[in-house]
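First comes the structure, then the notes that go with it.
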Amino acid sequence: MRGGYRPGAGRPKGARNKNRTKPAEKVGKQSDIPAENLTPLEFMLKIMRSPNEPVELRLRCAIAACPYCHPRKGEAGTGKKDEKAARAKIAGMGKYASMSSPFRVVK
């Protein structure tokens, strides 16, 4: 038999929550950058370029900002399949265009 009620199992009643936040010393010193009306991306780039910040913090900001600054190769819409579809669309115009469907009158 699995699961279900077991006497003495589980969290004790009245137990306090564990403090799972990191101490300020481990996260890094307070930023020297003044509080401005910046977008999150601008803020990360500013921290990344600041020589006063710890290297670990700058690296984490660079990794987090990377997807917003540099698109992936396939996401730009310039892949081989997109180019092939665009060429096929151009080739299908003019005298090679498909005929329109016949007009029918339904009573």
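How many residues are hydrophobic (A, V, I, L, M, F, W, C) and outside any loop (DSSP other than H, G, I, E, B) if we restrict to region 79-107?
As a first pass, look at region 79-107 and keep what is hydrophobic (A, V, I, L, M, F, W, C): 85-86, 88, 90-91, 93, 97, 99, 103, 105-106.
Checking the rest, the ones that are also outside any loop (DSSP other than H, G, I, E, B) come to 85-86, 88, 90-91.
Within region 79-107, residues that are hydrophobic (A, V, I, L, M, F, W, C) and outside any loop (DSSP other than H, G, I, E, B) number 5.
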Original post:
Is one or more of the residues making up region 46-59 surrounded by 10 or more Cβ atoms within 10 Å (Cβ to Cβ), at pLDDT 75 or above, in a helix (DSSP H, G or I) and among the hydroxyl-bearing types (Ser, Thr, Tyr)?
Top reply: no
Subject >> Top-ranked residue in region 15-45 [being β-branched (Val, Ile, Thr), closer than 19 Å to Arg58 by Cβ and assigned to a loop (DSSP other than H, G, I, E, B); ranked as modelled with the highest pLDDT] >> reply: Thr39
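The values are calculated or read from the model by the stated rules, or taken from the named source; none is laboratory data. Keep in mind it's a predicted model, so treat the numbers as computed, not measured. With ideal geometry, Cβ positions are generated from the backbone for all residues, glycine too; neighbour counts draw on all protein chains shown.
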